[in-house]
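Student: Pasting a structure below so you can have a look.
No lab work stands behind these numbers, since they all come straight from the coordinates. All figures in this text were calculated on a predicted structure; none of them were measured in a lab. Using ideal geometry, Cβ is built from the backbone for each residue, glycine included, and neighbour counts are taken over all protein chains shown.
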Amino acid sequence: MNASNKKLGYFASATALVVGLGILSTSGCDQIKDACNLDCADTGVAEGNASISGNVAIDSFFQSVLNFRGVATGVAADISAELDGIQTAFGISNAEVTAKGSLGAALKAKLAADFKASIKVDAQPAKCEVDASFSAEANVECQAHANCEGTPPSASVECSGTCTVEASAEGKCEGMAEVSCEVSGPQLTCMGECSGTCTVEIMGTAKCDGACNGKCDGSTSNGASCAGMCEGTCEVGGTAAASCSGKCNGSCEYKAPMAGCEANAKVECKIKAEAKAQCSGKCDGEFTPPKVDCDAAASCEAHAKAEAKFQAKCTPPSINVRLTVDGSVQGSARAQLDYAVADLKARLPRLLAAVKKANLVVEAGTQLGKDGATAVQGTLSAFTKGKVDAVAAYRIGSCVPDQLTASAKVITDAGTDLKNEVTAAGSLTATLGM
């Protein structure tokens, strides 16, 4: 589950923000400053101020840098809270984590020494969806304020992946999209994909690898984890629950039959694009906002893509926790272990969703690091064409360069904290066999 080093490449590339700034000229700026009583703001990006140049395309970039810091800090805190909770539930001290080098290694040692146990987890992938209309609208608004000609009215993006939109009132979809039905609740008969847990009634005995209600390897089991043979019912999660042949507890998504979805189902249209397709709903893959040919286009597109990824909704996945424990572990030790495993079942899905969100945020930070210089170059091009007034020209020449350098540091610092939390989460999930 470790984030790819490639995705964290902005730590090396953040300095690209200041590439090309050598062509900025401040000649004549002193006269403008004296005549208009101009000066750069007392506060900059590091202090939370994005109003640096007065140019929408440039300042939208600075705002995205600040938003990156806010979201990265928030996601890092979410990951940290779940890790701290898991550490506390298993009774692992900070000294033990330090001694073993990671939470994952400390958990493995604790399970073996104190509980004579091991844990393996199977999980469905966490899913994140980006609202295409949010990205498109942010891009259009930025380009409109930047006086781009031919600003597209479209509220859609190009999506490579699955695009999901609401179906019509009649439950119908346009074009090649398929009608998808989703129902939620306990004990659902599911002929599609189950997100949650799946309960199977076992005739005789069968391999369980889940929570057994009945007998596990001949001993009474009241919902305890069973890695052996179960007689009664077996409840599983993770990828084992996805193709459920029993009762689904959670939500079941299935392709609409000829008669349509059942009355209480959520109805959506889904189209999978191997290349790129226009999407006005939610995209779970890579996406590109609508473009126009103007100097601010690159900056506006970077802003729109970053903001949409910051707002992405990530769904905690279904997991299946398989606990193997020695029969000699009884009393208070077994009670503490059962409590800790229950806490793990609650926290781990949230942790996996937060790590998935972290990867999206990292991608946005990477792109911001690469597009900063492009944004400045586009505005410089507008300046040479006489499209920027003298006041904006002064601020671009005198105020922007230092703030681009400051932005690189903001991205690096916030990204480093997020990377550290993702690495810690990776040590845990590796120990759990994920």
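Student: Got a number for residues in segment 189-240 being at positive phi and in contact with a Lys or Arg (Cβ under 9 Å, 6 or more places away or on another chain)? Walk me through how you get there before you give the answer.
Tutor: Let us first name the residues in segment 189-240 that are at positive phi, namely 196, 204, 209, 214, 217-218, 223, 232, 238.
Those still in the list that are in contact with a Lys or Arg (Cβ under 9 Å, 6 or more places away or on another chain) too: 209, 232.
Qualifying residue count, segment 189-240: 2.
Student: Taking into account only those residues within segment 391-418 that are crowded, with 23+ Cβ neighbours inside 10 Å and under 19 Å from the mean Cα position of the chain (by Cα), which is nearest to Gly101 (Cα to Cα)?
Tutor: Leu418
Student: Could you give every pair whose Cβ atoms fall below 7 Å, whose first residue belongs to segment 80-93 and is over 21 Å from Ala113 (Cβ atoms), and whose second residue is assigned to a helix (DSSP H, G or I) and aliphatic (A, V, I, L, M), counting only separations of at least 6 or pairs across chains?
Tutor: That search, which allows pairs on different chains as well, returns Glu82/Leu351; Glu82/Ala354.
Student: Okay, next question. Here is a check on your reading of the model: is Leu323 aliphatic (A, V, I, L, M) and closer than 21 Å to Ala72 by Cβ? Give the steps one after another, and end with the answer.
Tutor: Details: aliphatic (A, V, I, L, M): yes; closer than 21 Å to Ala72 by Cβ: no.
Considered against the rule, which asks whether it is aliphatic (A, V, I, L, M) and closer than 21 Å to Ala72 by Cβ, Leu323 comes out as no.
Student: Got a number for residues in segment 81-124 being in a helix (DSSP H, G or I), crowded, with 16+ Cβ neighbours inside 10 Å and of a type in the set (A, V, I, L, M, F, W, C)?
Tutor: Of the residues in segment 81-124, 10 are in a helix (DSSP H, G or I), crowded, with 16+ Cβ neighbours inside 10 Å and of a type in the set (A, V, I, L, M, F, W, C).
Student: For segment 178-195, name all the residues that are surrounded by fewer than 22 Cβ atoms within 10 Å (Cβ to Cβ) and touching a helix residue (DSSP H, G or I) at 6+ places or on another chain (Cβ under 7 Å).
Tutor: Glu193
Student: Considering only residues of segment 88-117 that are polar (S, T, N, Q) and more than 22 Å from Thr416 (Cα to Cα), which is farthest from the chain's Cα centre (by Cα)?
Tutor: First, pick out the residues of segment 88-117 that are polar (S, T, N, Q): 88, 93-94, 98, 102.
This time we only want the ones that are more than 22 Å from Thr416 (Cα to Cα), so: 88, 93.
Details: Thr88: 25, Ser93: 29 Å.
Among them, the one singled out is Ser93.
Student: Every residue in segment 328-342 that is out of contact with any Lys or Arg (no Cβ under 7 Å at 6 or more places or on another chain) and either under 22 Å from Val121 (Cβ atoms) or aliphatic (A, V, I, L, M) (or both), please.
Tutor: Once the filter is applied, which keeps residues that are out of contact with any Lys or Arg (no Cβ under 7 Å at 6 or more places or on another chain) and either under 22 Å from Val121 (Cβ atoms) or aliphatic (A, V, I, L, M) (or both), segment 328-342 yields Ala333, Arg334, Ala335, Gln336, Leu337, Asp338, Tyr339, Ala340, Val341, Ala342.
Student: While we're on this one: Which fully enclosed strands (runs of 3 or more DSSP E) of segment 201-275 have 3 or more residues being of a type in the set (S, T, N, Q)?
Tutor: Details: elements: 210-216, 219-226, 229-236, 247-255.
Those strands (runs of 3 or more DSSP E) span 219-226.
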